[in-house]
Amino acid sequence: MNRLAGKVALVTGAGRGIGAAIARAFAAEGAAVVLAELDGATAQTTAREIAEAAGSGAARVLAVPTDVTQAASVQAAVAEAERAFGPVDVLVNNAGINVFADPLTMTDEDWRRCFAVDLDGVWNGCRAVLPGMVERRAGSIVNIASTHAFQIIPGCFPYPVAKHGVIGLTRALGIEYAPRNVRVNAIAPGYIETQLTHDWWNAQPDPEAARRATLELPPMKRIGRPEEVAMTAVFLASDEAPFINASCITIDGGRTALHHE
Ligand code: NDP
């Protein structure tokens with residue numbers, strides 16, 4: 001408890017899935033949390049749940065409809081967070097979408113949609129908070145990448161290209177602003193059970209077979225839970241990780257270390 005006491009955090013795509021778990025964990029650790037989410041209704045519901053879990057008046061939580069593909073929208077969310085709670089100490093760039101296609105039949109629209117959310121969205125978040133963090137010489141940015149950031153599955157193009165970019169952005173900004181005590185790190189989750197994963201299973205010819213195959217892949221014979229990603233986000237956001245910068249922590253139960261099934 002209270003590992004993030006006194007901090008103000010903004011989490012993108014926090015209405016559901018990994019982002020919602022991170023927002024819950026941050027609030028439980030004492031942070032004021034802003035849920036910057038495309039779907040305003042989902043964000044409100046999650047914010048209400050967080051407030052209820054904390055008891056009356058205890059949680060400082062706010063839902064702000066935000067589209068990470070629009071720089072002005074993210075800047076407005078940061079401004080609203082600052083008005084409500086003060087300067088943003090922690091940003092989690094979590095919003096992301098799966099765009100899985102065959103490279104040569106993929107449409108230009110698919111390419112742009114993928115990069116608009118998965119890479120531009122991360123940059124829009126970073127550039128909205130960095131000026132304040134640099135000025136205050138304090139801040140932690142956590143970018144949710146993916147194991148697709150360093151491993152390729154055929155047919156998943158161009159999602160891994162954007163996620164490779166997230167690692168590049170993390171490393172570049174981490175180095176750029178290290179002298180100002182702003183840390184920029186990434187988390188690379190493997191399969192985590194969220195709506196995104198269920199949508200992917202349901203898009204397969206045999207959803208149940210796809211689900212079973214996914215559960216067989218990891219050495220631990222299970223996929224991850226959003227809360228397991230949230231615990232690492234708390235650590236990276238907190239003052240317990242002051243010398244971790246421009247790094248990426250993989251959360252996949254050992255899957256990427258496995259050479260053969
Ligand atoms: P979900 O689809 O469950 O949640 C993503 C959230 O982001 C949704 O609430 C969605 O809102 C929101 N969002 C989408 N587009 C935007 C946008 N333009 N602006 C603001 N919010 C937006 O996904 P996960 O929780 O599974 O994934 C979260 C992150 O983790 C993503 O970056 C994903 O790539 C990454 N990841 C997930 C893995 C997994 O197995 N689940 C594995 C590796 C990485 P709406 O519902 O309105 O679209």
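The values are calculated or read from the model by the stated rules, or taken from the named source; none is laboratory data. Nothing here was measured: the structure is a model prediction, and the numbers come from that model. FYI the Cβ positions are ideal-geometry reconstructions off the backbone, even for glycines, and counts take in every protein chain you see.
Residue under question is A32, and the condition is that it be surrounded by 22 or more Cβ atoms within 10 Å (Cβ to Cβ), within 24 Å of A241 (Cβ to Cβ), under 20 Å from the mean Cα position of the chain (by Cα) and within 16 Å of the ligand (Cβ to nearest atom); does it hold?
Judged against the criteria, A32 is not a match.
Just checking, does region 110-123 include any residue being surrounded by fewer than 23 Cβ atoms within 10 Å (Cβ to Cβ), modelled with pLDDT of 95 or more, touching a Leu at 6+ places or on another chain (Cβ under 7 Å) and small (G, A, S)?
No, that holds for no residue.
I'm checking my understanding of the structure. Among residues of region 60-91 that are of a type in the set (D, E, K, R) and more than 26 Å from E240 (Cα to Cα), which one is farthest from the chain's Cα centre (by Cα)? Lay out the reasoning, then the answer.
Looking only at region 60-91, we keep the residues that are of a type in the set (D, E, K, R), and these are 60, 67, 80, 82-83, 89.
Next, only the ones that are more than 26 Å from E240 (Cα to Cα) stay: 67, 80, 83.
Numbers: D67: 14, E80: 20, R83: 23 Å.
Per the stated criteria, the residue is R83.
For region 75-89, indicate whether the set of residues that are closer than 22 Å to V182 by Cα, within 12 Å of the ligand (Cβ to nearest atom) and modelled with pLDDT of 95 or more is non-empty. Break it down stepwise before answering.
So in region 75-89, the residues closer than 22 Å to V182 by Cα come out as 75-83, 85-89.
Still in the running and within 12 Å of the ligand (Cβ to nearest atom): 77.
Checking which are modelled with pLDDT of 95 or more leaves us with 77.
Yes, that holds for at least one residue.
Among the residues of region 74-98, write down those that are surrounded by 19 or more Cβ atoms within 10 Å (Cβ to Cβ) and among the polar types (S, T, N, Q).
N93, N94
Please state which of the following conditions R183 fails to meet, knowing it meets all the rest: (1) over 19 Å from V11 (Cα atoms); (2) more than 13 Å from the ligand (Cβ to nearest atom); (3) among the basic types (K, R).
Condition not satisfied by R183: (1).
Among the residues of region 2-15, which ones are on the phi < 0 side of the Ramachandran plot and more than 9 Å from the ligand (Cβ to nearest atom)?
R3, L4, A5, K7, V8, A9, L10, V11
Given the conditions (1) out of contact with any Pro (no Cβ under 6 Å at 6 or more places or on another chain); (2) within 12 Å of the ligand (Cβ to nearest atom); (3) in a helix (DSSP H, G or I), which single one is not true for I18?
The one condition I18 does not meet is (1).
Considering each of N185, N202 in turn, give the residue that is polar (S, T, N, Q) and not assigned by TED's automatic domain parsing to the domain that holds I22.
The unique qualifying residue is N202.
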